[in-house]
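Peer 1: Before I ask anything, let me first share the structure, which is written out below as structure tokens.
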Amino acid sequence: MKTLIASLLLTGLFSFAQAADIGVVGLFPGKAVIVVDGNPPKIYAVGSSITDGVKLVAVDNVSATIETKGKREMLEMGQRTHRSGPSGNTSITLHADTLGHFKVQGQINGGSSVEMLVDTGASLIFMPASDAKRLGIDYKRGRIGHANTANGVITMYVIRLDSVKIGDIELNQVDAAIQEEGLPFTLLGMSFLNRMEMRRDGEQMVLTKRF
């Protein structure tokens, strides 16, 4: 188990969480290794209570399923869910551009406006260094990582953003990666979208905050 956790730390799949975060860092038959609120990993058996109102209900070889007040959510290895309390039905409707892309103006860390492209293929929010510098983000203090792209291997800095806001939806403590080259604009990836309910109807996409 120590080897597994060390590997996750190196690859960026595991990181310490803020209050009310639940993350899956290991999977075994009928059991899952789970981190709650940044505490040391603990093994939970299917059917056991993880925290108040949250129960582990299923495990397979790629994911664990938790249940909160009758609502189930599947978490893959390394994925976290942030439970900061009721969020209501806060939504935003996006409209596709002429190329079929969904773009939105948002705010990061309460700074000036940033144009973001919705990208479900991006595991994190990916931001060009130019945007990070404009927002005053000291990204070089982040964890250094590498990614394979069409232009070869690039260096990136993995950080955690204090807040990301689009429309009336605002999330706190969102993982992101800063690239110094090869990225013309910010990608709104799954570290944000995982906490949304996404519904597409033709040229419209509705994002609704789940938690």
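The values are calculated or read from the model by the stated rules, or taken from the named source; none is laboratory data. These numbers were taken from a predicted model, which means no experiment stands behind them. We place every Cβ from the backbone using ideal geometry, glycine too, and count neighbours over all the protein chains shown.
Peer 1: Could you tell me which residue of the stretch 150-165 is surrounded by the most Cβ atoms within 10 Å (Cβ to Cβ), considering only residues that are among the β-branched types (Val, Ile, Thr) and more than 15 Å from the chain's Cα centre (by Cα)? Walk me through it before giving the result.
Peer 2: The initial filter retains those residues of the stretch 150-165 that are among the β-branched types (Val, Ile, Thr), namely 153-155, 158-159, 164.
Restricting the remaining residues to those that are more than 15 Å from the chain's Cα centre (by Cα) gives 153-155.
Values: Val153: 8, Ile154: 16, Thr155: 12.
Of everything passing the filter in the stretch 150-165, Ile154 is surrounded by the most Cβ atoms within 10 Å (Cβ to Cβ).
Peer 1: Go through the stretch 110-127 and report how many residues are surrounded by 15 or more Cβ atoms within 10 Å (Cβ to Cβ) and either assigned to a strand (DSSP E or B) or polar (S, T, N, Q) (or both).
Peer 2: 8
Peer 1: Answer yes or no as to whether Arg160 is charged (D, E, K, R) and within 24 Å of Arg72 (Cβ to Cβ).
Peer 2: Numbers: charged (D, E, K, R): yes; within 24 Å of Arg72 (Cβ to Cβ): no.
No, not satisfied.
Peer 1: So which residues in the stretch 172-194 are of a type outside the set (Gly, Ala, Ser) and out of contact with any Ser or Thr (no Cβ under 7 Å at 6 or more places or on another chain)? Let's see the steps before the verdict.
Peer 2: Of the stretch 172-194, the ones of a type outside the set (Gly, Ala, Ser) are 172-175, 178-181, 183-188, 190, 192-194.
Gln173, Ile178, Gln179, Glu181, Leu183, Pro184, Phe185, Thr186, Leu187, Leu188, Phe192, Asn194, listed by residue number.
Peer 1: Would a scan of the stretch 191-203 turn up a residue that is more than 21 Å from Ile92 (Cα to Cα), among the basic types (Lys, Arg) and surrounded by fewer than 16 Cβ atoms within 10 Å (Cβ to Cβ)? Steps first, answer last, please.
Peer 2: Filtering the stretch 191-203 for residues more than 21 Å from Ile92 (Cα to Cα) gives none.
Within the stretch 191-203, not a single residue is more than 21 Å from Ile92 (Cα to Cα), among the basic types (Lys, Arg) and surrounded by fewer than 16 Cβ atoms within 10 Å (Cβ to Cβ).
Peer 1: May I pose another question? Take the conditions buried (at least 19 other Cβ atoms within 10 Å of the Cβ), hydroxyl-bearing (Ser, Thr, Tyr), touching a strand residue (DSSP E or B) at 6+ places or on another chain (Cβ under 8 Å) and not assigned by TED's automatic domain parsing to the domain that holds Asp37 and apply them to Thr186. Does it pass? Break it down stepwise before answering.
Peer 2: Values: buried (at least 19 other Cβ atoms within 10 Å of the Cβ): yes; hydroxyl-bearing (Ser, Thr, Tyr): yes; touching a strand residue (DSSP E or B) at 6+ places or on another chain (Cβ under 8 Å): yes; not assigned by TED's automatic domain parsing to the domain that holds Asp37: yes.
Judged against the criteria, Thr186 is a match.
Peer 1: If I go through the stretch 94-126 residue by residue, how many of them are of a type outside the set (A, V, I, L, M) and either within 15 Å of the chain's Cα centre (by Cα) or outside the structural domain of Gly142 (by TED's automatic domain parsing) (or both)? So that I can check it myself, show each step before the final result.
Peer 2: Pass one, the stretch 94-126, residues of a type outside the set (A, V, I, L, M): 95, 97-98, 100-103, 105-107, 109-113, 115, 119-121, 123, 126.
With the extra rule that they be either within 15 Å of the chain's Cα centre (by Cα) or outside the structural domain of Gly142 (by TED's automatic domain parsing) (or both), the set shrinks to 119-121, 123, 126.
Counting residues in the stretch 94-126 that are of a type outside the set (A, V, I, L, M) and either within 15 Å of the chain's Cα centre (by Cα) or outside the structural domain of Gly142 (by TED's automatic domain parsing) (or both) gives 5.
Peer 1: Condition first: surrounded by fewer than 18 Cβ atoms within 10 Å (Cβ to Cβ), part of a loop (DSSP other than H, G, I, E, B) and in contact with an Asp or Glu (Cβ under 9 Å, 6 or more places away or on another chain). Can you find one or more residues in the stretch 128-141 that meet it?
Peer 2: Scanning the stretch 128-141, I find no residue that is surrounded by fewer than 18 Cβ atoms within 10 Å (Cβ to Cβ), part of a loop (DSSP other than H, G, I, E, B) and in contact with an Asp or Glu (Cβ under 9 Å, 6 or more places away or on another chain), so the answer is no.
Peer 1: Mind counting the residues in the stretch 30-64 that are within 12 Å of Met77 (Cα to Cα) and either of a type in the set (A, V, I, L, M, F, W, C) or under 19 Å from the mean Cα position of the chain (by Cα) (or both)?
Peer 2: Narrowing the stretch 30-64 to residues within 12 Å of Met77 (Cα to Cα): 32-35, 59-64.
Still in the running and either of a type in the set (A, V, I, L, M, F, W, C) or under 19 Å from the mean Cα position of the chain (by Cα) (or both): 32-35, 59, 62-64.
Qualifying residue count for the region: 8.
Peer 1: I'd like to check which strands (runs of 3 or more DSSP E) are fully inside the stretch 35-99 and have at least 1 residues that are modelled with pLDDT of 80 or more.
Peer 2: Numbers: elements: 42-45, 49-51, 54-59, 63-68, 71-76, 80-82, 91-95.
Where strands (runs of 3 or more DSSP E) fall fully within the stretch 35-99 and carry at least 1 residues being modelled with pLDDT of 80 or more, they are 42-45, 49-51, 54-59, 63-68, 71-76, 91-95.
Peer 1: Right, next: Considering only strands (runs of 3 or more DSSP E) fully contained in the stretch 154-211, which possess at least 3 residues that are at pLDDT 95 or above? Break it down stepwise before answering.
Peer 2: Values: elements: 169-179, 186-188, 196-201, 204-209.
So the answer is 169-179, 186-188.
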